[in-house]
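Accompanying notes for the structure given below.
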Amino acid sequence: FSSLELTQHFLARIDRLDAKLNSFITVTHESALANARSADALRAQGNAGVLTGIPIAHKDIFCTEGVKTSAGSKMLDNFISPYNATVVAQANAAGLVMLGKTNMDEFAMGSSNESSFYGATHNPWALNRVPGGSSGGSAAAVAADLAPFATATDTGGSIRQPAAFCGLTGLKPTYGRVSRFGMIAYASSLDQGGPIARSAEDCAYLLQVMAGHDAKDSTSVDHPTEDYVAGITTTTNPDKPLQGLRIGLPHQYIKDGLDADVKARVLDALKVLEDLGATLVEINLTTSDAAIPAYYLIAPSEASSNLSRYDGVRFGHRCENPKDLMDLYTRSRTEGFGDEVQRRILIGTYALSEGYYDAYYLKAQKVRRLIQNDFLKAFEQCDVIAGPTAPTAAYAIGAKQDPVAMYLGDIYTIAVNLAGLPAISAPVGFDTSYSGHDNCAPLPVGLQLIGPYWSESKLLSIIHQYQ
Ligand code: GLN
């Protein structure tokens, strides 16, 4: 195929199917076709890289020069970014052709994509179900074959959980592996970009483009990147490619509240990994219950600070006819931010305020360190840690009205961000208990593997052997 044919193919699918899915906020037809033509010209000159001319979708949290960048919020509905995020610049440099910008929970706050100003995204496996969040648009687009792969971000599970809900592979890299420059900030000490794709191999190709040190992001780490693609294709022992690998299974992960089908699929997948040569070790992660409370203090605290820049003055939504400065701030922010974002700003402002800081924010930071130490201790006994990505498969749109019920669904993903570790989610079969009672198709289930710092290649390789 030429890049033009490929790009036209995906644009036509978006035009035909996305009215039902709502996975894109913006589709960049014209620039995509123009870039595809340029990619074909480069190919004709013999000047093409391996990804030159391959289409991609970017989560609408990454700034794209000259293209609306909304972060799923009314606040940025009128924002045309004047510059590219580093991730986008790197994708362009690799010759990838942007199809458009994908739907997401507002400012990446959510687990279901329902908090988007642009409306919920529908799960392609069952249209009445959520695709997960906050990168639900990226996941739904890839799952419905509207794009071959997509960029995403993960502050507390937003790459892995939508990948799990949509039957895809998603990788959250080590904190600092992927530049946050031009990635609209939610909780800066937790946010990390990464790929969502159909396989570990495709994730490796995209990570190769996204990873690397960036002087424009002070939290980007100057740690050598690996050849992620070469890394997953080398195996020394084809019969037992995972010989010697110790997989830790925390007994805290297999407990009440975990859906029976999800548990069964995860345990089945672990058996397959054992057949491939791995050994299972039971481990103890004593801090696992502390992750949700610590995260839901730290993330809103950082968000309340990051979102103070949306003041109605410099950019973004501005209310009509403000009476005075206070009225301008108040009404612009009240109109521009949705309910969940306002809830997080209130929680964060409260937790950081004088008299409460020590009791909440500081305490949460101490718990964060204990969680990190807990993982580091566990990695003395095993090479990777396995478990479910989410306690259930995708739920119905509208089913989780209570914010706390929504937060509890992040139980398996958020500790990883608090510790800054890399983790991958991969599809391991289906939850079939849903079919039957609401005429819904079987829903995908995800296995999560968590690795030590900088173990992206290892995580991709293990999943590649499984796939
Ligand atoms: N669900 C979590 C939250 O709402 C994580 C979201 C994310 O990773 N961006 O904060």
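Values quoted throughout were computed directly from the atomic coordinates according to the rules given, and no laboratory measurement underlies them. Quick caveat: nothing in here was measured; it's all calculated off a predicted structure. Glycine gets a Cβ as well: all are built from the backbone with ideal geometry, and neighbour counts include every protein chain shown.
A few remarks follow.
- Note that region 344-467, at 10 °C in a medium of 1.306 mPa s, gets a Stokes-Einstein diffusion coefficient of 93 µm²/s from its Kirkwood radius over C-alpha pairs.
- Cα coordinate range in region 266-374, projected on the principal axes (Å, largest first): 69, 34, 20
- Using Cβ point charges alone (K and R +1, D and E -1), the dipole size of region 3-218 about the Cα centre works out to roughly 140 debye.
- Peptide packing: for 11-19, 295-303, 453-461, the average count of neighbouring Cβ atoms within 10 Å per residue gives the ranking 295-303, 453-461, 11-19, highest mean first.
- Relative to the current alpha-carbon distance between Ala264 and Ser2, full extension at 0.36 nm per residue lengthens the span by 90.0 nm.
- With a cut-off of 20 Å on the backbone N, the residues of region 395-414 near the modelled label site 7 Å out from Ile254 along Cα-Cβ are 411-413.
- The chain: antiparallel DSSP beta bridges as a percent of all, rounded to 5: 70
- Other residues within the sphere of radius under 9 Å centred on the Cβ of Tyr295, judged by their own Cβ, net out at 0 (K and R +1, D and E -1).
- Percent breakdown of C-alpha pair distances by 10 Å bin, ordered from the shortest bin, for region 361-427: 16, 42, 30, 11, 0
- Percentage relative contact order, the chain, counting C-alpha pairs under 8 Å, at least six apart: 18
- Whole-percent pair-distance distribution, where bins are 20 Å wide, for the alpha carbons of the chain: 26, 59, 14, 0
- Reachable lysines, given that their alpha-carbon falls under 16 Å from the alpha-carbon of Lys271 and they are not under 8 places away in the same chain: Lys240, Lys263
- Ordered from longest to shortest, the equivalent ellipsoid semi-axes for region 3-218 are 23, 20, 16 Å, each the square root of 5 times a Cα gyration tensor eigenvalue.
- Reachable lysines, given that their alpha-carbon falls under 27 Å from the alpha-carbon of Lys101 and they are not under 8 places away in the same chain: Lys20, Lys59, Lys68, Lys74, Lys172, Lys216, Lys400
- Bridge orientation summary for region 3-218: considering DSSP beta bridges with both residues in this region, about 75 percent are antiparallel.
- Evaluated on region 248-322, the Kirkwood hydrodynamic radius is 16.8 Å, with distances taken between all distinct Cα atoms.
- log₁₀ of I(q)/I(0) at q = 0.20, 0.22, 0.33 Å⁻¹ - region 50-91, Debye sum with one point per alpha carbon: -0.61, -0.71, -1.16
- The helix-based estimate of mean residue ellipticity at 222 nm for the chain, built from -39,500 (n - 2.57) per DSSP H run of four or more residues and divided by its residue count, is -11000 deg cm²/dmol to the nearest 500.
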